[in-house]
Every structure is written in structure tokens, then in C-alpha cells.
Amino acid sequence: MTIATTDQHELDQLAHDMRAWRHQLHANPELGFEEHETAAFVAGKLRSWDIETHTGIGGTGVVGVIRGELGEGFRLGFRADMDALPMQEKTQAAHRSKKDGVFHGCGHDGHTSILLGLARYLSTRRAFRGTIHLIFQPAEELLTGGKTMIADGLFTRFPCDELYGLHNHPVLEPGKLGTRVGSMLAACDLFRITVHGIGGHAAAPHRAIDPIVVGSALVQSLQTIVSRSIGPMEAAAVSVCSFQAGTAINIISDTAVLEGTIRTLDRNVQATTLRRLREICDGTAQAHGCRIELDHLLTSPPTVNAAGPVATLLQAGRDVLGAENVVEDIAPILASEDFAFMAEQVPACYFFLGQGGHICHHPEFDFNDDVAIHGMRTMARVAELKLA
């Protein structure tokens, strides 16, 4: 299992095949926990390479197991996400989505193809001591697939001493990769605030408690969490992304519903932000004489990398791409990933693979097929460093 002895013809053929797999997946996207065709495609490929394959983990998750021929040893995990987004694609690519309103706008089709490429590469290189677990995860966009796989016994059935995952990074140039020790991605908390006011006639606002006025005050007050409750050297974002109220131009509604998200890189900052969210809701309700209901819809931790796996990944990147193409201590971003749940269970490294082009979730986003081979070779080198 040595990268150096791999001829260019094999790499070119693998890059060609990963492109073909990716285009097929892109044209046939599936939403979280609905990845039945995708999971069947992945499982079929793994079995065709004589890889032990387990399906239905956490719903539609798939795990491939490659056992070294030299016996038991280090247990190494690699993970990719499989789900698409509920959005319309606006590319004109020949492989564009065949499903209206469903689109691989975040590159998970590319991540799955990279892990399939790694699977095929390692399936013919089993002269090592240890076990490799290839984890294909559903529902990352929902931030629940990883947690569901864990609850279904992922690390009990397929224990890992270290775990590695990647994500394409349009801000980073193709041919480069980056990672860092500590928080790579943010915790995510979703909330819904329901303001229960008193409806009435627009001509007599003094006889009503206008939830739009209350909600507007809330939107403004919530902005002070970051500016006045979080240290200026710490990172947090609080965004109200939906404000629904009213049914007619001359009626004061009796309710308003606000929904939004909180992103933080640190557990203590996360706790402070959530505490201030509750306090501001309570205080605003008292100030306006109404009832405000706060629902904490979802929470996930920040994605935190361990020092040991990061060191291995950086070495693998230098070996494969050259030191000039490896970014150490890359800046974290406030997007979120449910790889975070796995990284709480197992020492892990999540890294960015340079991609260029449109930002993720853009309607014209398309994964850069030329960088898939870089991701595959870097992961293969990690396997070589840990198991050879």
C-alpha cells in the first residue's frame, strides 16, 4: 500500500472513474434519509471490490470494512456525506440534476466519489495490520445523520481509533488543502420564537399588543448578543432568517413567528449565546406585556480537530501535494457539520480540499472533478502512514 509505486495510468483511470460516479450521483440527488438509490450505488460498488459491506446504518448509511491481511491493529475511519439540498440547480451541465428542486449544491456527490475511489484503491492493497472503516453518512445537511448513525451503534460495531473527513472549499485554490487543530466549523443552534400578542384593528393599535412591533424589537435586541455579550476575539453569529406575521393590510395580527440560527466555535460561547437568547426573549415579553415562546429546534457541537490526526493529515498532504500546497492552521468558518458528533466520539481530523468556483449552496455550484484525485490520494497516504 504505497503511493510511490502507483503508476500514473492507474491514477488517471481512477480519476476518470470518480468523475463518472460523481456525475451519476449528481444527476440523481436524494435528500437526507432518502438516499436509497445512492446507498445502493455505494454498496454495489463496495461489494464489487470484495469489500465487506453493511447497509441501513442510521437509516440509509453504509459502512465498508477492509481488514488487513496481517492481522488486527490500528482501526482507521474515513467518512463522506451522501445527501443533496432541497434547492433548484441552475447549471447547464450535462450531468445536471434530473429531479426538480433537489440538487447536489454542496458537493457531497464529490465527497462520496472520493471515498469510493479510496475504497477501490485500498481494496487491492490489503497487506497491512489493522482495519479500515469507510463510512458513507446520510443527512448531513439536516445535521442529524451522523448522530443517528452513532445512535445506531456506528462506533460500537465499527470502532475507530482515528477518523478523517473532508469537505470541498471553494475559497481555497484547487490543488491545495488545509486544516487546523481545534475548531474547524461552528456549532449550530436553530431556534423559533413565537410572539403571542393581542390582535386588533390597525386604526386602534392601543387596544392591541402588536407582535410585529415586539418581533422587530427582538430582532434588534438579538444583535447585541454578539456585539455586547461575546468577547471581540471570539466568534459568533446570530441571524434571524424568517419573520412571519399578519394576514391583511389593516389588521394587527395576534402572533408573529421568527426563526433563525446561531453559529459559534466554542462550547462556552455557545452556552452564553443561548442563555442571552432566552434572557432577551423573557425581557422583551415583560417589557411589552405579552407572552414569548422560545423553541430550541436543533443543536450540534462545533467540529473540533484533535492534534494527532491533524499532524498525520498535514504530513499526508505534504507528501502528496507538496508542502507549498498545504495550509496549516487554516481559518475556521461558521458553517456547521454533523461530523462534529463523530469527532466528539473519536479523535478526528476534518480538512478542506481546495476547489475554487462558486460557494457551496449557490445554484450554479458544481463540484470540481479535477480535485477528487487529490482528496483520494491524501486519504490513501493517511492510511499508509497509520497502517503500513
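So here's what we get for this one:
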read-out: Verdict on THR144 being over 30 Å from GLY73 (Cα atoms), within 13 Å of the chain's Cα centre (by Cα) and either hydroxyl-bearing (Ser, Thr, Tyr) or modelled with pLDDT under 95 (or both); value: yes
read-out: Wholly enclosed strands (runs of 3 or more DSSP E) of region 18-88 bearing at least 1 residues of a type in the set (Phe, Trp, Tyr) and assigned by TED's automatic domain parsing to the domain that holds MET376; value: 74-81
read-out: Of all residues in region 56-92 being among the charged types (D, E, K, R) and buried (at least 23 other Cβ atoms within 10 Å of the Cβ), the one that is farthest from the chain's Cα centre (by Cα); value: GLU89
read-out: Test for ILE249: is it touching a residue at least 24 places away in the same chain (Cβ under 8 Å) and crowded, with 18+ Cβ neighbours inside 10 Å; value: no
read-out: Residue, farthest from the chain's Cα centre (by Cα), within region 27-55, restricted to residues that are of a type in the set (S, T, N, Q) and under 16 Å from HIS104 (Cβ atoms); value: ASN28
read-out: Test: residue in region 214-225 that is outside any helix (DSSP H, G or I) and either surrounded by 19 or more Cβ atoms within 10 Å (Cβ to Cβ) or among the hydroxyl-bearing types (Ser, Thr, Tyr) (or both); value: no
read-out: Cβ pairs under 9 Å, 6+ apart, first in region 191-214 and more than 9 Å from CYS290 (Cα to Cα), second aromatic (Phe, Trp, Tyr); value: ILE212/PHE243
read-out: Residue count, region 154-188 (criterion: over 14 Å from the mean Cα position of the chain (by Cα) and in a strand (DSSP E or B)); value: 6
read-out: Criterion (more than 20 Å from ASP81 (Cα to Cα) and loosely packed, with under 14 Cβ neighbours inside 10 Å) met by exactly one of ASP329, ASP319; value: ASP329
read-out: When residues of region 283-333 are limited to those that are part of a loop (DSSP other than H, G, I, E, B) and touching a Ser or Thr at 6+ places or on another chain (Cβ under 7 Å), the one nearest to LEU76 (Cα to Cα); value: PRO302
read-out: Where VAL238 falls short, out of the listed (1) within 27 Å of LEU166 (Cα to Cα); (2) part of a helix (DSSP H, G or I); value: (2)
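Every residue, every condition in (1) in a helix (DSSP H, G or I); (2) farther than 17 Å from ILE51 by Cα; (3) without any contact (Cβ under 8 Å) to a residue 60 or more places away in the chain; (4) not aromatic (Phe, Trp, Tyr), yes or no:
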{"position": "LYS99", "(1), (2), (3), (4)": "no, yes, no, yes"}
{"position": "GLY105", "(1), (2), (3), (4)": "no, yes, no, yes"}
{"position": "LEU122", "(1), (2), (3), (4)": "yes, no, no, yes"}
{"position": "ALA127", "(1), (2), (3), (4)": "no, no, no, yes"}
{"position": "HIS133", "(1), (2), (3), (4)": "no, no, no, yes"}
{"position": "LEU142", "(1), (2), (3), (4)": "no, yes, no, yes"}
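One line per residue, one yes/no per condition, for (1) in contact with a helix residue (DSSP H, G or I) (Cβ under 6 Å, 6 or more places away or on another chain); (2) of a type outside the set (Phe, Trp, Tyr):
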| site | (1), (2) |
| --- | --- |
| VAL62 | yes, yes |
| MET87 | no, yes |
| ALA93 | no, yes |
| PHE103 | no, no |
| LEU115 | no, yes |
| TYR121 | yes, no |
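The values are calculated or read from the model by the stated rules, or taken from the named source; none is laboratory data. Computed from a predicted structure; not experimentally measured. Backbone-built Cβ (ideal geometry, glycine too); neighbour counts: all protein chains shown.
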